[in-house]
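S.K.: Sharing a structure, written as structure tokens. Questions coming.
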Amino acid sequence: MHSRRIPLLGLLLILAVLAAACGGKAGNTDEPLKSAGVLRVGTEGVYSPFSYHDTATGQLVGYDVDVARAVADKLGVTVEFVETPWDSIFAALEANRFDVVANEVTITPERQAKYDLSQPYSVGEGVIVTRADDDSIKSPADLKGKVAAENATSNWSEIARKAGARVEAVEGFTQAIKLLNQGRVDVVVNDSIAVYAYLAETNDTSVKIAGSVGEKSEQGFAARKDSGLLPELNTALDQLRADGTLAEISQRYLKTNASGAPTTGDEPARSHSTWQLIADNLWPLARAALTTTIPLTIISFVIGLVIALAVALARLSPNVVLSNIARFYISIIRGTPLLVQLFIVFFALPEFGVRIDPFPAAVIAFSLNVGGYAAEIIRSAIQSIPKGQWEAAETIGLNYTGTLRRIILPQAARVAVPPLSNTLISLVKDTSLASTILVTELLRQAQIVAAPTFEFFALYGTAAIYYWVICLVLSFGQSRLERRLERHVAR
């Protein structure tokens, strides 16, 4: 009896330890954010006053940003922000680039069916914004036949379209208001919170709130469906609402209380000097060009040239299979937009388990694109060399590889330099598309600075000058290279 009890007690002890361990793990799954120790947040970074970069410090700030930070503090975890354009923010969420979206995501039945949406942390209503001298629009019935500037994927876009307006797609509210100011559109439908914050920031008297669309708007965090994050998020939001933190953050950025909690004092709006703004951001823009735009261009072009040479030689190969594969590759690259290629590499591949960081993803997409276009340039340059050059090389005993390296390619390079230089200059400008997949290059940096200040012409103009200077330097290098290659031209 005694000898049997000892093993039995030992077995019971082991089972108890395993149960405790399993219980601990189950408890952790109830609080996935605390278990992970980090809250990854997707946000635009150019949507003032909700998500933007402070012009003085360069830090990411805003109503949604500070709410996310406060939630992370309540949960006792660190917070990481991933800046993403709005039109691709939900694709990035599905690709697990971050845990939640904090970017004034309006709670709608359609979104609730597809995503986990938290309790609202801001509440407003849909309003109609027109120019101050326009009295023709006062209600949704007056929108029929008008032109509205809206974000293509926002619920306000759908409301304007259903009311009969022709919707022009823009990246965000700030661009929409700018188009309205310029008389390019008739109306903007958006959340009252964003409109009041804009008016408080800019004191713009050229636009007005002309009416309401009768739609209440509630904004919350969005997570992947069945993520298990809602209990933690909602508990933290309840605590922040109760202790007045949401009201304080709301007053700081929106100059109104959008949380329903007690109101705190206003913070005075800051004024901006356009020339001072440009001066303050000359180095940040230059740094973005030096550390991201130029390296991205050089790396992608060099890899692209290697791909192009291989594809061009495959196109010239007598092997039918190899030649057709090269033709198909060129057809795909030249027949699809570069932006689509970027999205496939960055957003679509994670669905197949291939997750690539932003900068390498941009390099891959740009390199493949350069390879497709430059392959035809190199092929035509090689074919422009007289066949007699091949025959002469054969008579002196050079094989195919030696002929290419010593005779053909040096002469073909001289022919290919001008069109390849055009490809390189186009690539410099195409790198601006990398901002759509989270790469903070030159244009993205200009957007970051312009968002809270609404100084689009000043900042975009400065960015354009930087692009122009880079292209001038490349054009000068092209001329030097052409003169250097003159000595390879047959006389």
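S.K.: When the accessible area of segment 127-240 is split by element with a 1.4 Å probe, what percent falls to carbon and sulfur?
M.R.: Working: 2210 of 4790 Å².
Accessible surface attributable to carbon and sulfur in segment 127-240 totals 46 percent.
S.K.: Between helix 192-202 and the chain, what is the angle of the helix's C-alpha long axis to the longest principal axis, kept within 0 to 90° and rounded to the nearest 10?
M.R.: 70
S.K.: So for the pair D87, V38, with labels modelled 7 Å out along Cα→Cβ, what separation do we get in nm?
M.R.: 2.9
S.K.: I need the peptides 82-89, 382-389 ranked by packing, meaning the mean over residues of other C-beta atoms within 10 angstrom, with the highest value on top. Could you put the intermediate results ahead of the total?
M.R.: Details: 82-89: 20.8, 382-389: 13.2.
By packing density, highest mean first, the sequence is 82-89, 382-389.
S.K.: While we're on this one: Bins of 5 Å, beginning at zero and ending with the bin holding the largest distance: percent of Cα pairs per bin for segment 194-345, please.
M.R.: 1, 6, 8, 9, 9, 9, 9, 12, 10, 7, 6, 6, 4, 2, 1, 0
S.K.: Follow-up question, since we're still on this one. Quick check: with the 1.4 Å probe, what order do E232, E376 take by accessible area, largest first? Before the final figure, lay out each step's value.
M.R.: On the way: E232 10, E376 40 Å².
From most exposed to least exposed: E376, E232.
S.K.: Turning to a different aspect of this structure: Using a 1.4 angstrom probe with every protein chain in place, what is the largest-first accessible-area order of Y466, Y198?
M.R.: From most exposed to least exposed: Y466, Y198.
S.K.: Further, regarding this structure: Please state the relative contact order of the chain as a whole percent: Cα pairs under 8 Å, 6+ residues apart? Mind showing how you got there, number by number?
M.R.: On the way: 761 pairs, mean separation 79.4, N = 491.
For the chain, the relative contact order is 16 percent.
S.K.: I would also like to ask the following. For segment 41-125, compute Rh as the Kirkwood radius over C-alpha pairs and then the Stokes-Einstein diffusion coefficient at 25 °C and 0.890 mPa s; write the answer in µm²/s, rounded to an integer.
M.R.: Working: Rh = 13.4 Å.
Once the numbers are plugged in, D ends up at 183 µm²/s.
S.K.: Could I ask something else about it? Among K74/K216; K146/K178; K114/K144, which pairs are too far apart, with a Cα-Cα distance over 21 Å? Display every interim value, and only then the final one.
M.R.: Numbers: K74/K216 28 Å; K146/K178 17 Å; K114/K144 30 Å.
K74/K216; K114/K144, as the Cα separations exceed 21 Å there.
S.K.: As a test, work out the antiparallel percent of DSSP beta bridges whose residues both lie in the chain, rounded to the nearest 5.
M.R.: Details: 23 of 37 bridges.
Of those bridges, close to 60 percent are antiparallel.
S.K.: Then there's this: What angle, in degrees between 0 and 90 and rounded to the nearest 10, separates the Cα long axis of helix 294-316 from the longest principal axis of the Cα atoms of the chain?
M.R.: Approximately 50 degrees, to the nearest 10.
S.K.: Another one. Heads up, I need the accessible area for K138: 1.4 angstrom probe, whole protein in place, Å², nearest 10.
M.R.: 130
S.K.: I need the Kirkwood Rh of the chain: take the reciprocal of the average 1/r across all distinct C-alpha pairs and report it in angstrom.
M.R.: On the way: mean 1/r = 0.0380 Å⁻¹.
Value: 26.3 Å, from the Cα pair sum.
S.K.: Would you tell me the accessible area of T395, worked out with a 1.4 angstrom probe on the heavy atoms of the protein chains, in Å² to the nearest 10?
M.R.: 110
S.K.: Express the accessible area of the chain per residue in Å², computed with a 1.4 Å probe while the remaining protein chains stay in the model. Don't skip to the answer; put the middle values down first.
M.R.: Values: 23650 Å² over 491 residues.
I get 48 Å² per residue for the chain.
S.K.: Compare the peptides 38-45, 399-406, 420-427 by average per-residue count of other Cβ atoms within 10 angstrom and give them in order, highest first.
M.R.: On the way: 38-45: 23.9, 399-406: 12.8, 420-427: 19.1.
Ranking, from highest mean packing down: 38-45, 420-427, 399-406.
S.K.: Could you give each residue of segment 178-186 its phi-based ³J(HN,Hα) in whole Hz, using Karplus coefficients 6.51, -1.76, 1.60 with θ = phi - 60°, and x for Gly or Pro?
M.R.: Values per residue, Gly and Pro as x: 5, 5, 5, 4, 7, x, 7, 10, 9 Hz.
S.K.: Determine ³J(HN,Hα), in whole Hz, for all residues of segment 206-221 in sequence, where each value follows from phi through the Karplus function 6.51 cos²θ - 1.76 cosθ + 1.60 and θ = phi - 60°; x replaces Gly and Pro.
M.R.: Result, rounded to whole Hz: 7, 10, 8, 8, 8, x, 10, 8, x, 10, 6, 10, 10, 10, x, 6.
S.K.: If R0 is 51 Å, what FRET efficiency do you get for S426 and N234 from their C-beta distance, rounded to 0.05? It would help to have the intermediate numbers written out before the result.
M.R.: Numbers: r = 49 Å, r/R0 = 0.96.
Calculated transfer efficiency: 0.55.
S.K.: May I pose another question? Got a sec? Which residues in segment 275-319 would a label at I332 touch, if it sits 7 Å along Cα→Cβ and we count backbone N under 17 Å?
M.R.: 304, 307-312, 314-315
S.K.: If you don't mind, there's one more thing I want to ask. Stretch A348-R480 to full length: gain in nm at 0.36 nm per residue minus the Cα-Cα span?
M.R.: Full extension from A348 to R480 adds 43.4 nm.
S.K.: Starting from the Cα-Cα distance between Q182 and D54, subtract it from 0.36 nm times their residue separation and give me the gain in nm to one decimal.
M.R.: Numbers: separation 128, 0.36 × 128 = 46.08 nm, distance 2.56 nm.
The Q182-D54 span can extend by a further 43.5 nm.
S.K.: Once phi is turned into θ = phi - 60°, what whole-Hz ³J(HN,Hα) does the Karplus curve with 6.51, -1.76 and 1.60 give for every residue of segment 273-279, x standing for Gly and Pro?
M.R.: Result, ordered by residue: 9, 4, 5, 5, 4, 5, 4 Hz.
S.K.: When the helices in the chain are scored as -39500 (n - 2.57) per DSSP H run of 4 or longer and the sum is shared across all residues, what 222 nm value do you end up with, to the nearest 500 deg cm²/dmol? Numbers along the way, then the final one.
M.R.: Working: 20 runs with 273 residues, N = 491.
That calculation yields -18000 deg cm²/dmol at 222 nm.
S.K.: Along Cα→Cβ, 7 Å out, is where each label goes; now give me the distance between the ones at D135 and Q383 in nm to one decimal.
M.R.: Taking the simple label geometry, D135 and Q383 are separated by 6.9 nm.
S.K.: Once amide H atoms are built 1.01 Å from N in the peptide plane, which residues 5 or more positions from E168, or in another chain, come under 5 Å H to H?
M.R.: So E168 has HN proximity to A148, A149, E150.
S.K.: A follow-up question, please. Just the accessible area for I294, please: 1.4 Å probe, Å², rounded to the nearest 10?
M.R.: Result for I294: roughly 50 Å² accessible.
S.K.: Using per-residue counts of other Cβ atoms within 10 Å, averaged over each peptide, order 274-284, 438-448 from highest down. Intermediate values should be presented prior to the final figure.
M.R.: Working: 274-284: 13.8, 438-448: 24.9.
Ranking the peptides 274-284, 438-448 by packing returns 438-448, 274-284.
S.K.: When only the heavy atoms of the protein chains count and the probe is 1.4 Å, how do L349, L296 rank by accessible area, highest first? Before the final figure, lay out the partial values.
M.R.: Numbers: L349 55, L296 0 Å².
Result of the area sort, largest leading: L349, L296.
S.K.: L339 to L290: extension gain in nm, 0.36 nm per residue of separation minus the Cα-Cα distance? Please report the intermediate quantities before stating the final value.
M.R.: On the way: separation 49, 0.36 × 49 = 17.64 nm, distance 2.27 nm.
The L339-L290 span can extend by a further 15.4 nm.
S.K.: On a 0 to 90° scale, report how tilted helix 320-335 is relative to the longest principal axis of the chain, with both axes built from alpha carbons and the result rounded to the nearest 10.
M.R.: That helix lies at roughly 50 degrees to the long axis.
The values are calculated or read from the model by the stated rules, or taken from the named source; none is laboratory data. All values reported here derive from a predicted model rather than from experimental measurement. All Cβ positions, glycine included, derive from the backbone under ideal geometry; neighbour counts span all protein chains shown. Calculation scope for accessible area: heavy atoms of the full protein, side chains included, ligands and nucleic acids excluded. Shrake-Rupley method; radii C 1.70, N 1.55, O 1.52, S 1.80 Å.
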